[in-house]
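Let me begin by presenting the structure, written as structure tokens, before commenting on it.
The values are calculated or read from the model by the stated rules, or taken from the named source; none is laboratory data. The model shown is predicted, which means the values in this text are computed figures rather than measured ones. Glycine gets a Cβ as well: all are built from the backbone with ideal geometry, and neighbour counts include every protein chain shown.
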2 protein chains.
Amino acid sequence: MDLDIVRTFVVAADAGQFQEAAAELAVTQQAVSKRIAALERNLGVRLFTRTARGAELTIDGQAFLPHARELLRVAERAVASVRPGRRPLRVDVIASRGAAAGLMRGFYRAHPEIDLDVVMLFDIETAVAAIRSGAIDASFRAVAAPGRPLPEDIESVRVLDEPLELLTGPAHALAGARSVTVAQLAGHRIWMPGIVPGTEWAAYYDDLVAEFGLTIEATGPNFGSDALLDTVADTPALATFMGGHTRLVWPSGHGLRRIPVTDPTPVYPHSLLWHRDNPHPALGTLRAHLAATATGHDATGTWAPSWVISSR
Amino acid sequence: MDLDIVRTFVVAADAGQFQEAAAELAVTQQAVSKRIAALERNLGVRLFTRTARGAELTIDGQAFLPHARELLRVAERAVASVRPGRRPLRVDVIASRGAAAGLMRGFYRAHPEIDLDVVMLFDIETAVAAIRSGAIDASFRAVAAPGRPLPEDIESVRVLDEPLELLTGPAHALAGARSVTVAQLAGHRIWMPGIVPGTEWAAYYDDLVAEFGLTIEATGPNFGSDALLDTVADTPALATFMGGHTRLVWPSGHGLRRIPVTDPTPVYPHSLLWHRDNPHPALGTLRAHLAATATGHDATGTWAPSWVISSR
DNA sequence: CGTCGGCCACAACCATCGGTTGTGCTCGTA
DNA sequence: TACGAGCACAACCGATGGTTGTGGCCGACG
């Protein structure tokens with residue numbers, strides 16, 4: 001199906017006749033006739049009843065019309081999403097179901113009129129490069145991993161400390177606990193496939209391991225969170241970490257447990273990053289929204305790597 | 001823009017390489033390459049970075065991908081809206097902003113999983129024919145105008161009595177009233193352009209005029225409710241009737257008044273009509289919903305034409 | 001370090017599609 | 001009854017989008 005044909009249908013429906021629609025679209029009446037005929041052939045229904053002074057919608061045509069309009073609207077937004085200059089605010093998050101995505105959902109609820117696009121980049125290195133090039137407008141990341149100070153033209157503000165939770169299957173030794181201390185985790189195998197050395201999140205877990213003597217295994221390829229959850233659910237000796245704000249599509253019948261971690265609670269520090277000179281009007285709105293809704297983060301009883309900066 | 005190309009983009013993005021996408025789409029790799037190149041040329045941005053073992057999305061590609069998926073979803077629904085058999089429930093209402101449309105909005109809120117299409121037919125004659133032919137599944141209409149008994153195979157149930165309200169401009173003689181009686185309306189000019197003789201709604205107003213000696217002028221072409229409202233707002237001698245459940249996009253600064261009518265309150269009787277043998281599963285859901293949410297209509301103090309049937 | 005294999009892009013070729021012009025038909029109207 | 005408005009059909013033709021064939025690039029592996 002061609003969107004030009006859909007547009008022709010909408011224009012013809014509004015005009016009530018093919019002739020006028022043809023003029024509006026700068027084609028001949030015969031072209032409009034052929035397009036509509038092709039659309040009707042594709043759909044297998046008649047969309048217009050041709051009369052001596054025009055064409056009016058059939059019932060099927062009436063039913064199709066709002067869908068056709070919606071189709072054109074969505075297409076317009078799709079094109080706008082990649083249009084340089086005045087495109088939707090484009091924000092990088094670390095995981096589509098993580099805390100940053102939750103913040104963006106909240107922002108969308110507060111400002112549904114602002115067009116958003118959410119992307120997921122590889123690491124903070126990539127994100128900073130994308131911010132500087134203008135490919136994205138903002139990023140939620142942990143800053144700044146050791147030896148990776150932010151460039152001068154990148155600003156950041158810490159917006160959310162997300163507590164880590166332990167995820168276990170029903171047969172795990174800690175499955176029955178209401179909460180566990182970090183000290184209790186020593187000796188247990190924590191499995192986090194897909195950790196890539198050199199990224200800022202790998203640095204986070206490296207620090208966590210060094211600080212508390214944990215055992216985190218990053219072995220094996222990452223087949224996605226569904227496969228991870230399946231394995232954890234079925235393997236008594238394995239547990240994994242998960243952001244406490246993560247929205248899970250909970251696999252039913254697996255008996256998975258999410259257990260808070262305490263003494264201290266490891267938190268993953270999300271900062272918003274953006275370019276000093278970015279002129280996108282929605283960026284200021286996003287920053288104001290985050291500042292207004294930020295839960296003043298209480299550092300007592302929590303742990304984050306020493307290299308994390310709190311603001312600048 | 002061609003939806004085949006959009007689909008190619010989505011498949012290629014999922015596959016991570018053109019080769020596999022080509023196999024899935026049953027075309028050659030070269031065709032996929034050309035399609036993607038054409039899409040990139042149209043959009044003016046690069047969507048994939050080509051590597052030695054595949055193609056991965058650029059940031060623009062990532063931003064475009066969800067919009068592309070949405071586009072395909074909407075297209076799917078558009079096609080489904082006219083597919084014979086298992087198409088969305090198609091309901092005829094008398095006006096897009098009237099009471100019946102409000103009932104359908106309520107039904108949608110209660111059952112968002114049910115696909116709906118709303119159409120507006122000319123009169124009950126057309127609606128009954130459409131119901132019998134299967135072109136629509138249900139209709140909200142006043143039944144049955146004099147001499148027009150419903151056919152045997154059409155069932156109906158009265159679902160809503162909508163009180164009429166008087167709509168006046170700020171300079172109208174009755175503009176200051178909190179409510180008006182029908183008797184007070186005698187002698188005032190009530191303008192309702194667009195009434196077509198022979199329709200069931202024309203019969204309703206005919207009866208209203210005959211019963212209470214009102215003056216309803218149907219003169220002049222109907223340029224739409226916006227033009228009607230403009231005229232009423234500016235003309236002190238004119239008022240019009242409007243369904244009390246009508247949702248207006250209120251023209252600002254016009255000072256329009258909606259005034260309830262009493263002694264008695266004329267109500268427009270909406271019934272749901274459907275075909276006895278219609279097998280659409282959602283039709284039963286709609287009937288159950290309407291039965292459950294129906295405000296038990298209290299006939300005291302209201303007026304409706306004598307030919308209106310209350311149920312069957 | 002060279003070779004191999006996988007994958008994408010370019011070129012040439014060709015059928016189909018979608019546009020135009022020209023014309024005929026129907027229907028409402030003067 | 002003749003006319004005009006509007007849509008459909010036919011013939012024609014350039015553009016589009018597919019195929020096959022081929023070459024270049026890059027990572028893997030011996």
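Yes/no matrix, rows are residues, columns are (1) out of contact with any Ser or Thr (no Cβ under 6 Å at 6 or more places or on another chain); (2) among the aliphatic types (A, V, I, L, M); (3) in contact (Cβ under 8 Å) with a residue 60 or more places away in the chain; (4) not assigned by TED's automatic domain parsing to the domain that holds A:Tyr205:
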site: A:Ala239; (1), (2), (3), (4): no, yes, yes, no
site: A:Arg247; (1), (2), (3), (4): yes, no, yes, no
site: A:Thr262; (1), (2), (3), (4): no, no, yes, no
site: A:His280; (1), (2), (3), (4): yes, no, yes, yes
site: A:Thr285; (1), (2), (3), (4): yes, no, yes, yes
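Looking across the range A:169-183 at every residue that is crowded, with 18+ Cβ neighbours inside 10 Å and at pLDDT 90 or above, the one that is nearest to A:Arg257 (Cα to Cα) is identified as A:Val180.
All of (1) in contact with a strand residue (DSSP E or B) (Cβ under 8 Å, 6 or more places away or on another chain); (2) under 30 Å from A:Arg158 (Cβ atoms) hold for A:His111 with one exception: (1).
A single member of A:Arg148, A:Arg109, A:Arg105 is without any contact (Cβ under 8 Å) to a residue 60 or more places away in the chain and part of a loop (DSSP other than H, G, I, E, B), and it is A:Arg148.
Of the residues that make up the range B:38-52, is at least one more than 30 Å from A:Gly85 (Cβ to Cβ), surrounded by fewer than 18 Cβ atoms within 10 Å (Cβ to Cβ) and either more than 39 Å from the chain's Cα centre (by Cα) or not hydrophobic (A, V, I, L, M, F, W, C) (or both)?
yes
Can B:Leu71 be described as within 16 Å of DNA strand C (Cβ to nearest atom) and not assigned by TED's automatic domain parsing to the domain that holds B:Arg247? It is false that B:Leu71 is within 16 Å of DNA strand C (Cβ to nearest atom) and not assigned by TED's automatic domain parsing to the domain that holds B:Arg247. Among the residues of the range B:103-127, those identified as away from chain A (no Cβ under 12 Å) and at pLDDT 90 or above are B:Leu103, B:Met104, B:Arg105, B:Gly106, B:Phe107, B:Tyr108, B:Arg109, B:Ala110, B:His111, B:Pro112, B:Glu113, B:Ile114. Being among the polar types (S, T, N, Q) and within 14 Å of chain A (Cβ to nearest Cβ) is a property that does not hold for B:Gln17.
Residue pairs whose Cβ atoms lie under 8 Å apart, separated by 6 or more positions or on different chains, with the first residue in the range A:61-80 and at the interface with chain B (Cβ under 7 Å from one of its Cβ atoms) and assigned to a helix (DSSP H, G or I) and the second among the basic types (Lys, Arg) and surrounded by fewer than 17 Cβ atoms within 10 Å (Cβ to Cβ), are A:His67/B:Arg77.
Could you go through the range B:138-149 and let me know if any residue there is at negative phi, of a type in the set (Ser, Thr, Tyr), within 18 Å of the chain's Cα centre (by Cα) and more than 10 Å from chain A (Cβ to nearest Cβ).
yes
A:Gly198 falls short of the stated requirement of being more than 27 Å from the chain's Cα centre (by Cα), at pLDDT below 90 and assigned to a loop (DSSP other than H, G, I, E, B). The set of residues from the range B:3-20 being under 40 Å from the mean Cα position of the chain (by Cα) and farther than 15 Å from B:Phe64 by Cβ comprises just one member, B:Asp4. Within the range A:156-179, residues that are farther than 30 Å from A:Asn278 by Cα reach partners that are in a loop (DSSP other than H, G, I, E, B) and β-branched (Val, Ile, Thr) with beta carbons closer than 7 Å, at six or more positions or on different chains, in the pairs A:Gly169/A:Thr235. Of all the listed residues (A:Ile131, A:Ile114), the sole one being in contact (Cβ under 8 Å) with a residue 12 or more places away in the chain, assigned to a helix (DSSP H, G or I) and in contact with a Phe, Trp or Tyr (Cβ under 8 Å, 6 or more places away or on another chain) is A:Ile131.
Given B:Gly102, B:Gly61, B:Gly16, which one is surrounded by 15 or more Cβ atoms within 10 Å (Cβ to Cβ) and on the phi > 0 side of the Ramachandran plot?
Only one candidate passes the filter, namely B:Gly16.
Please specify each residue of the range B:1-24 satisfying the condition of being in contact (Cβ under 8 Å) with a residue 40 or more places away in the chain and under 16 Å from A:Ala75 (Cβ atoms). Result: B:Met1, B:Leu3, B:Val6, B:Arg7, B:Phe9, B:Val10. Residue count for the range A:22-58 satisfying the condition of being more than 9 Å from DNA strand C (Cβ to nearest atom), away from chain B (no Cβ under 14 Å) and in a helix (DSSP H, G or I): 3. Looking at the range B:64-74, can you tell me whether even one residue there is closer than 21 Å to A:Arg73 by Cβ and within 20 Å of the chain's Cα centre (by Cα)? Yes, the range B:64-74 has at least one match. For the range B:1-13, residues that are within 13 Å of chain A (Cβ to nearest Cβ) and more than 10 Å from DNA strand D (Cβ to nearest atom) total 6.
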